[in-house]
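Notes follow once the structure below has been shown.
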Amino acid sequence: KSNYGFAINNLLRSYYHIGDFAETQNYAKLVKGYEKSSEEDIALAHLYSGKALVSTQKDADALKEFNLAALKSKTIIGAEARYLVGEQQFKAKQYDKVIESAFDISNSFSSYDFWVAKGFILMADAYAAKGDTFQAKSTLESVIDNYEDQKDGILTTAKERLNKLK
């Protein structure tokens, strides 16, 4: 019993990573309903539930889960969730909302550089989709000039997107 919370949280992650989205949903429900789950645990359950829903093409339900995760968490879980909200908005061609979500990541989750940079790349994609290539290029150049990690693919992605706009 003392390890129940630990077990269900890790089973949630494990089932998602092996592609069993039905079990991911079952464990997300268990984590959300467990009286000893912290707000972060519940946010994580919403995040993984949303990811599983995207994998099963239930984007509207996934958006709700990502929003709940972003609201509950002020950690990296919330940053990823807010980014995933932006991705869903991009899929729905809600470009102004994408830009808003990217700014929200920057303002609310500024200590998570990876997600801030991914958000700005998504923002640049939204500007490009709106036909504002100047703003898209400026946003990508800002990421390239200010992002430091060379190994996580952010700079490569930003440079590739910038080259496509030129």
Across the range 72-82, which residue is nearest to residue 103 (Cα to Cα) among those that are open to solvent by less than 40 Å² (accessible area, probe 1.4 Å) and aliphatic (A, V, I, L, M)? 79
Of everything in the range 1-31, what is charged (D, E, K, R) and either closer than 16 Å to residue 43 by Cα or touching a Leu at 6+ places or on another chain (Cβ under 8 Å) (or both)? Give them in sequence order. 13, 23, 29
Is one or more of the residues making up the range 151-163 in contact (Cβ under 8 Å) with a residue 40 or more places away in the chain and open to solvent by 60 Å² or more (accessible area, probe 1.4 Å)? yes
Out of the range 102-113, which residues are assigned to a helix (DSSP H, G or I) and either open to solvent by 70 Å² or more (accessible area, probe 1.4 Å) or farther than 28 Å from residue 69 by Cα (or both)? 103, 107, 113
Just to be sure, is residue 37 in contact with a helix residue (DSSP H, G or I) (Cβ under 6 Å, 6 or more places away or on another chain), of a type in the set (Gly, Ala, Ser), over 25 Å from residue 92 (Cβ atoms) and modelled with pLDDT of 95 or more? yes
Exception for residue 147 within (1) over 24 Å from residue 70 (Cβ atoms); (2) of a type in the set (Ser, Thr, Tyr); (3) open to solvent by less than 50 Å² (accessible area, probe 1.4 Å) falls at (1)
If we ask which residues in the range 114-157 are modelled with pLDDT of 95 or more, charged (D, E, K, R) and either assigned to a helix (DSSP H, G or I) or within 16 Å of the chain's Cα centre (by Cα) (or both), their number turns out to be 5
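To keep it simple, each residue is scored yes or no on (1) touching a residue at least 40 places away in the same chain (Cβ under 8 Å); (2) surrounded by fewer than 21 Cβ atoms within 10 Å (Cβ to Cβ); (3) closer than 20 Å to residue 111 by Cα.
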position: 11; (1), (2), (3): no, yes, no
position: 19; (1), (2), (3): no, yes, no
position: 28; (1), (2), (3): no, no, no
position: 50; (1), (2), (3): no, no, no
position: 55; (1), (2), (3): no, yes, no
position: 67; (1), (2), (3): no, yes, yes
position: 84; (1), (2), (3): no, no, yes
position: 91; (1), (2), (3): no, yes, no
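The values are calculated or read from the model by the stated rules, or taken from the named source; none is laboratory data. As the structure is a prediction and not an experimental result, all values here were calculated from the model. Glycine also receives a Cβ, built like all others from the backbone with ideal geometry; neighbour counts cover every protein chain displayed. Ligands, DNA and RNA are stripped out before the accessible areas are found, and what is left, the full protein with its side chains, is counted by its heavy atoms. Shrake-Rupley method; radii C 1.70, N 1.55, O 1.52, S 1.80 Å.
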